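In what follows, a single structure is set out as structure tokens and then discussed.
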Amino acid sequence: RFVQKSNLTIDCQKRLAVLAGEPLVLTATEFDLLEYLVRHSDRVVTARELVKTIQGYDLIEEDARPIIRVHIQRLRQKMGDDPERPRYVLNVRGRGYRFAG
């Protein structure tokens, strides 16, 4: 039911994410994206994998990147992450994303 990484706690049943004691107001897609990245924080996740898992359709990596990029940008904003030096959702150049927390 709960997934925890550093100062982030996700209640999967209630679909609630709390960062440093503050609840995050996330869309369904942002919540699913965050939960997936945290659950798979031991590896880099491609944009294609994220689109397929979270949104349910299969695209080539090049088509999936701009879709996921928008959601990552919004998620970072809501987490108070600096886009120039993110602490939580990291971009692994040419590969995908990884949750560092």
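Table for the structure above
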item: Contact order normalised by residue count of the stretch 45-101, Cα under 8 Å, 6+ apart, percent; result: 31 percent
item: Over the chain, relative contact order from alpha-carbon pairs under 8 Å, at least 6 apart, %; result: 25 percent
item: The chain, accessible area per residue, ligands and nucleic acids excluded (1.4 Å, Å²); result: 60 Å²
item: Sorted largest first, extent of the stretch 31-79 alpha carbons per principal axis (Å); result: 28, 22, 17
item: Directionally averaged projected area (convex hull, Cα atoms, the stretch 1-54), nm²; result: 3.8 nm²
item: Overall Cα dimensions of the chain - principal axes, largest extent first, Å; result: 37, 30, 23
item: Charge-dipole axis of the chain as Lys and Arg at +1 and Asp and Glu at -1 on Cβ define it, positive-most pick from Phe99, Ala47, Leu75; result: Phe99
item: Span from the the stretch 83-97 Cα centroid across to the the stretch 2-34 one, whole angstrom; result: 19 Å
item: Check: the stretch 25-99 dipole with +1 on Lys, Arg Cβ and -1 on Asp, Glu Cβ, in debye; result: 240 debye
item: The chain - percent of accessible surface contributed by carbon and sulfur, probe 1.4 Å; result: 46 percent
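The values are calculated or read from the model by the stated rules, or taken from the named source; none is laboratory data. Treat the numbers as computed from the prediction; the structure is a model and nothing was measured. No Cβ is skipped: glycine too gets one built from the backbone with ideal geometry, and neighbour counts run over all protein chains shown. Accessible surface is based on the protein model in full, side chains and every heavy atom, while ligands, DNA and RNA are left aside. Shrake-Rupley method; radii C 1.70, N 1.55, O 1.52, S 1.80 Å.
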